[in-house]
Ligand code: NDP
């Protein structure tokens, strides 16, 4: 386990699923952790009490709320942008408002979170986006907006890696495959279809994703930047 003692870490979207596993891992590794949520107050408060972290209500669809929140936190050693929405459906039927909201949460929030955090971050800080294997492979219909939003994170990480590299700040994307959470339960109806695309036919666990995030936030990953790491059982292989 990596020692994050003395590190201050913010996780956007940390109340459930992958985000909660990231909060747990950092908190049990000694970091001072704060995380945001949007709807599950009770779950968020229970996680905060369990882990000694801080739960903050902030909507990732609200650009100014995210900028103000991050600016108010002081220097952060690492920021993980995990909040994301799926929004699958027929593009001919999906409402423009829903698509815009998806892009605000999945693209705008990571951008403004990263830039705002970098203003106050010490040299050697870490910025990690939770993307998706669907940035590389989208073998099912109804995922165009989602896949586009996750592909955007790759370009964003590459560009920001150049911008912040002189300060030793790294910017990377972690791209999970089907991961057992409320968004994509391992026992859900599309399980067989999703597993058919994978070399290892099971859902990823949130703890496995958290382990990769912790590695990228840790001291041995200081030279890794502008990269995307898939953790997807070979979904995109
Ligand atoms: P869940 O739906 O299980 O959890 C989503 C988390 O994000 C919750 O903590 C939720 O808060 C928070 N969140 C959602 N919208 C907002 C918002 N507008 N503002 C603040 N917080 C928000 O998702 P997963 O854990 O499955 O997914 C986490 C990330 O991983 C996402 O970016 C997703 O796209 C990505 N991913 C997931 C995969 C999967 O198969 N599960 C595969 C590939 C990528 P609250 O509890 O308050 O609702």
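Bear in mind that the values in this text are calculations on the coordinates, not laboratory data. The shown structure was predicted, so the numbers you read here are calculated from the model rather than taken from an experiment. Neighbour counts are summed over all protein chains in view; Cβ atoms, including those assigned to glycine, are modelled from backbone coordinates with ideal geometry.
Principal-axis analysis of the Cα atoms of the chain puts helix 206-217 at an angle of about 40° to the longest axis.
Take the Cβ atoms of residue 237 and residue 215, set R0 to 25 Å, and the FRET efficiency comes out at 0.80.
Across region 45-136, the mean sequence separation of Cα contacts (distance under 8 Å, 6 or more residues apart), normalised by length, yields a relative contact order of 39 percent.
Residue exposure proxy: 22, 66, 169, 2, ordered by other Cβ atoms within 10 angstrom of their Cβ from fewest to most, comes out as 2, 169, 66, 22. For the pair residue 119 and residue 5, label points projected 7 Å from Cα toward Cβ lie 3.3 nm apart. In plain terms, the residue of 101, 167, 154 with the fewest other Cβ atoms within 10 Å comes first and the most crowded comes last, giving 167, 101, 154.
On the basis of the beta-carbon distance and an R0 of 22 Å, residue 39 and residue 101 show a calculated FRET efficiency of 0.95. If you take the square roots of the eigenvalues of the alpha-carbon gyration tensor of region 8-231 and sort them as a ≥ b ≥ c, do you get rounded (a/c under 1.5), prolate (a/b over b/c) or oblate? Cα axes put region 8-231 in the rounded bin. Stretching residue 223 away from residue 163 to a fully extended chain increases their span by 20.1 nm, per 0.36 nm per residue minus the current alpha-carbon distance. Rounded to the nearest 10 degrees, the inclination of helix 144-164 to the longest alpha-carbon principal axis of the chain is 30 degrees.
Taking only Cα atoms, what is the 0 to 90° angle, nearest 10, from helix 63-72's long axis to the longest principal axis of the chain? The helix 63-72 is inclined about 30 degrees to the chain.
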